[in-house]
Amino acid sequence: MAVEIKVPTLGESVVEATVAKWFKQPGDAIALDEPLVELETDKVTVEVNASSAGALASISVPEGTDVEVGALLGTIDETAVGATPAAPAPAAAKPAAAAPAPAAPAPTPVAAITRAVATAPALTAPTPVPAGAAPGGAIPLSPAVRKLVDDNDLDRALITATGKDGRITKGDVLAAIATGSAKRRAPVAAAPAGPGPAYTPSSDLPPRPDDPREQRVRITKLRKIISTRLKQAQNTAAMLTTWNEVDMGNAMDLRAQYKEAFEKKHGVRLGFMSFFVRAACIALKEWPSVNAEIYGEELIYKNFYNIGVAVGTPQGLVVPVLKDADEMRFVDIEGTISDFGRRARDGKLSMDEMSGGTFTISNGGVFGSLNSMPILNVPQSAILGMHKIQKRPMAIGNEVVIRPMMHLALSYDHRIIDGREAVSFLVRMKDLIEDPQRIMLDV
Amino acid sequence: MSDAYDLVIIGGGPAGYVGAIRAAQLGLKTAIIDKRGALGGTCLNVGCIPSKALLQSSHHYEVATKEFAHHGIKASGLSVDLKAMLGRKEKVVEDLTKGIEFLMKKNKIDYLAGSGEITAPGEVTVKPNTKGAKKQTLKTANIMIATGSEVTPLPGVTIDESQIVSSTGALSLPKIPKTMAVIGAGVIGLELGSVWRRLGAEVTVIEFLDVALPGMDGEISKTMQRVLKKQGLNFKMKTKVTGAKKLKTGVTLTMEPRDGGNAETLKADVVLVSIGRRPVTDGLGLDKQGVGVDERGFVPVDEDYQTNVEGIYAVGDVIGGAMLAHKAEDEAVVCVEIIAGQTGHVDYGTIPGIVYTHPEVASVGKTEEQLKEAGIDYTIGKFPFSANSRARSNADSDGFVKILADKTTDAILGCHIIGPSAGDLIQEIVVAMELSASAEDVARICHGHPGLSEAVKEAALGAGGRAIHI
């Protein structure tokens with residue numbers, strides 16, 4: 001019996017992935033749960049594991065191909081002999097006795113390197129689709145409509161549907177093209193009527209001779225998606241940044257006073273992130289537009305507070321999300337973040353854990369940044385940048401005092417957030433951090 | 001030759017010539033190479049078209065001899081002028097192939113009659129058909145292989161195209177055989193078997209499997225076999241042909257039951273071998289260029305129809321899948337659009353398949369057997385042509401329409417028709433499926449009366465348990 005290997009559900013809003021690497025070749029023996037193929041998505045890299053033991057019978061989709069959720073990747077022949085070690089063996093699988101046995105590749109090291117994919121904090125933008133929204137979103141496109149949408153790289157969610165039962169008609173797409181209202185990114189140039197595979201744009205460039213002092217590295221699909229996201233944020237949002245500074249003295253005193261007791265009781269170190277996350281939740285509740293999103297012609301206000309927190313890994317930064325952070329205790333927040341950090345380093349974060357954020361906090365201070373302007377994590381409307389705590393002479397009353405200061409930056413989408421709201425939000429954050437007791441009392 | 005092409009297509013069948021025209025429309029400088037000496041490929045020269053010409057002619061004869069009386073028309077002294085019949089067929093083919101040559105000229109596509117071989121990346125060498133003519137080397141950015149397929153031989157039954165024929169020979173038999181054996185109850189076997197049966201041959205169809213039209217919906221296969229049997233076609237199912245002995249007066253086939261039993265023989269004037277087709281890749285130079293071929297000879301391609309070698313594409317029968325001209329054409333169009341920088345996609349779930357017997361058989365989407373195996377819950381809407389007023393008026397009411405819809409969503413999953421004009425009726429469901437319509441959608445769309453398509457509407461109603469006329 002052939003068992004089908006299919007693209008698994010990749011988590012919220014992820015419908016497409018690229019086949020990055022096959023760990024097995026047809027004929028190779030496969031143990032249960034052994035990684036077979038690696039898929040890249042715009043969020044993370046995931047491995048598809050064997051749902052049964054046997055031998056890899058066929059590969060339907062070669063590396064580098066885009067696949068949709070549910071698509072057939074290949075098949076496993078369950079009946080292949082000698083290939084039934086049910087244990088999720090950490091070692092490489094033994095080749096099937098009957099198979100001609102090419103050297104079985106050891107999947108694990110490769111997987112370890114590529115699983116947690118480096119993404120800048122502001123980039124792993126989930127695109128949550130509000131329940132019940134997106135009329136016509138699930139209705140398949142007709143052939144002509146599908147081609148027009150693909151050819152022009154349109155976002156179907158932005159096309160006004162006039163067809164029966166909310167279907168997008170060809171006329172709807174033509175209208176959207178004419179008004180430019182549904183562009184996903186910069187419009188694709190008209191099909192070049194010239195020679196050559198026109199979909200490899202680098203071939204349009206004049207040849208660049210190899211230089212031994214230069215290293216040429218092909219841009220990964222993931223990096224391209226990241227670039228698209230960055231440009232999407234810059235192209236669509238009216239983005240600007242407001243700045244403030246916060247005196248960390250009280251928070252540092254509080255931390256110093258209870259650090260040991262906290263760690264002793266909870267087994268978790270008390271950091272500053274919990275202060276900022278809780279303060280952000282309070283400020284977000286007071287300034288709901290900062291927690292909102294623009295969706296087509298609507299504003300979506302979210303009455304939940306999922307805070308994305310940048311976590312450093314050797315491969316780069318990932319942004320796991322603290323779900324319902326407003327209901328989390330300090331210890332929960334610190335514990336979850338340290339767990340995220342550990343698992344991010346091992347590449348064990350799941351897609352769900354990196355989806356669904358409503359607001360993001362990025363801490364450039366850990367690298368020593370004194371001042372950076374964060375870029376939006378679309379479709380979120382604002383992002384907070386924390387920075388290094390630096391002792392600075394401050395005027396307090398009429399005296400100059402040395403205080404531990406931190407700059408705060410809030411980048412926001414001016415289309416949805418007014419200047420007054422953004423500034424007030426940041427001032428509120430400042431007030432809460434400077435007097436942490438207010439966080440406890442929510443005043 | 002210094003002027004380079006954007007696209008060189010090897011093979012002038014439905015995939016090749018349609019792809020060439022689309023390429024020209026998109027502004028690509030295109031050449032098409034074909035060694036047959038006439039464009040149109042198997043389909044036009046020795047396949048779909050000539051067989052349809054003979055099916056139509058032989059159907060007229062059958063109607064005149066067997067059904068006129070029922071309509072109150074008296075005719076006597078009817079006979080077949082085979083030479084004229086074959087002549088008409090030749091003329092149809094000739095006119096159509098000329099038409100394609102004209103289309104090549106109109107679209108400024110260079111047509112080279114000869115064998116094409118890929119001799120280097122971006123280079124195709126053409127050995128012209130004309131003797132003594134020099135080889136030509138074409139430089140091109142892209143190559144599309146569209147070389148199609150050929151008849152699969154049967155070991156022990158060697159085709160000589162006179163006594164033991166392939167579909168090609170069966171389209172040009174010099175005289176009507178008294179007896180004919182057809183090996184394989186697939187589309188070609190049943191169509192050509194019907195032609196010669198109608199013209200007077202005693203035809204026996206031998207099939208290894210236990211159903212005619214294997215792969216079709218089981219109910220359709222069964223009905224097809226029953227109807228053809230009623231028309232006078234003999235069937236020997238679950239039977240394996242083991243050898244053939246040619247005699248002066250005919251061929252003796254030796255056969256044995258598939259599941260064991262005594263061997264037997266069958267003598268026939270002519271034997272038609274129609275057990276399938278295999279891809280053609282000989283002489284293309286695939287080996288030297290490193291183009292991969294699978295164990296059955298097909299050329300695997302990615303979703304852009306590109307082979308494992310960049311710049312070399314393949315479409316149609318040669319890449320496997322359903323060996324149908326319309327599937328090949330659609331692949332060629334999409335492939336060329338992708339080469340030109342556009343996007344494209346063929347929906348393999350909605351490719352219709354048609355058998356041009358009488359009654360016709362047409363099918364799209366999943367069969368009932370496939371749904372059962374996939375564990376999908378479905379509803380069935382079935383409507384017989386005997387309850388359709390137009391079919392009754394025509395005295396042509398064998399068969400039925402069967403629509404399979406998803407039990408939960410009512411989405412149409414498959415449609416299978418046996419009956420008059422089934423091949424044209426199916427197209428409504430192909431469109432509906434491409435647009436993700438439900439069975440109720442089709443049922444709620446107005447159908448002209450009295451029309452055969454009302455049977456489709458009634459079957460769609462039936463999927464919701466509310467057919468009107470039955």
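No lab work stands behind these numbers, since they all come straight from the coordinates. Small disclaimer: the values here were computed from a predicted structure and weren't measured. Neighbour counts run over all protein chains shown; Cβ positions are idealised from the backbone, glycine included.
Ordered by the count of other Cβ atoms within 10 Å of each Cβ, fewest first, A:229, A:403 give A:403, A:229.
For peptide B:4-13, what's the mean number of Cβ atoms from other chains within 10 Å of each residue's Cβ?
Shielding by partners across B:4-13 averages 1.
Listed by chain and number, the aspartates and glutamates whose C-alpha is less than 19 Å from the C-alpha of residue A:391, apart from same-chain residues fewer than 8 away, are A:245, A:247, A:253, A:399, A:431, A:434, A:435. Remark on residue B:205: its backbone amide H falls under 5 Å from those of B:182, B:234, B:235, B:236, a criterion applied only to residues 5 or more positions apart or on other chains, H modelled at 1.01 Å from N. As a rough guide to protection, the peptides B:27-37, A:263-273 ranked by mean Cβ packing within 10 Å, highest first, stand as B:27-37, A:263-273.
Site pair residue A:264 and residue B:98 shows an inter-label distance of 10.5 nm when each label is modelled 7 Å from Cα along Cα→Cβ. Within 10 Å of the Cβ of each residue in A:267-273, the mean number of Cβ atoms contributed by other protein chains is 0.
Bridge orientation summary for chain B: considering DSSP beta bridges with both residues in this region, about 60 percent are antiparallel. When peptides A:61-72, A:421-432 are sorted by average Cβ neighbour count within 10 Å, with the highest value leading, the order is A:421-432, A:61-72. Summary value for region B:164-275: 34 percent relative contact order, contacts being C-alpha pairs under 8 angstrom separated by 6+ residues. Cα centroids of region A:394-443 and region B:230-267: 93 Å apart. Need one number: % antiparallel among DSSP beta bridges in the protein assembly as shown, to the nearest 5. If I count the DSSP bridges inside the protein assembly as shown, around 75 percent turn out antiparallel.
Exceeding 18 Å between C-alpha atoms, which entries from my cross-link table qualify? They are B:29/B:108; A:21/A:147; B:29/B:288; B:91/B:127.
A:21/A:147; B:29/B:288; B:91/B:127
Close amide H pairs (under 5 Å, H built 1.01 Å from N) link residue B:9 with B:31, B:32, B:33, B:144, residues at least 5 positions away or on another chain.
Under 5 Å from the amide H of residue A:414 lie the amide H atoms of A:238, A:239, A:240, each residue being 5 or more positions distant or on a separate chain, with H modelled from the backbone and absent for Pro and chain starts.
Ignoring aspartates and glutamates fewer than eight residues from residue B:52 along the same chain, the ones with Cα atoms less than 16 angstrom from its Cα are B:62, B:90, B:94, B:95, B:191, B:360, B:424.
Couplings 3J(HN,Hα) for region B:189-206, derived from phi with the Karplus relation 6.51 cos²θ - 1.76 cosθ + 1.60 (θ = phi - 60°), are x, 6, 5, 6, x, 5, 4, 6, 5, 5, 7, x, 6, 8, 10, 10, 9, 10 Hz, where x marks Gly and Pro. Need one word for chain B: rounded, prolate or oblate. Basis is the Cα gyration tensor (sqrt eigenvalues a ≥ b ≥ c); a/c below 1.5 gives rounded, then a/b vs b/c decides. Oblate is the answer for chain B, as a/c is 1.5 or above yet b/c matches or exceeds a/b.
Here the Karplus curve 6.51 cos²θ - 1.76 cosθ + 1.60, taken at θ = phi - 60°, turns the phi angles of region A:280-293 into couplings of 4, 4, 5, 5, 5, 5, 7, 10, x, 5, 5, 9, 9, 9 Hz, with x standing for Gly and Pro.
Remark: mean inter-chain Cβ contacts per residue of B:341-350 equal 5, using a 10 Å Cβ-Cβ cutoff to other protein chain atoms. Please state the shape class of region B:164-275: rounded when a/c is under 1.5, otherwise prolate if a/b exceeds b/c and oblate if not, all from the C-alpha gyration tensor. It comes out oblate by the Cα gyration axes. Residues in region A:247-254 carry Karplus couplings, in order, of 7, 8, x, 5, 4, 5, 4, 4 Hz; the curve used is 6.51 cos²θ - 1.76 cosθ + 1.60 with θ = phi - 60°, and Gly or Pro positions show x.
Ignoring lysines fewer than eight residues from residue B:74 along the same chain, the ones with Cα atoms less than 17 angstrom from its Cα are B:66. The order of the peptides B:20-26, B:171-177, B:460-466 by mean Cβ neighbours within 10 Å, most packed first, is B:20-26, B:460-466, B:171-177.
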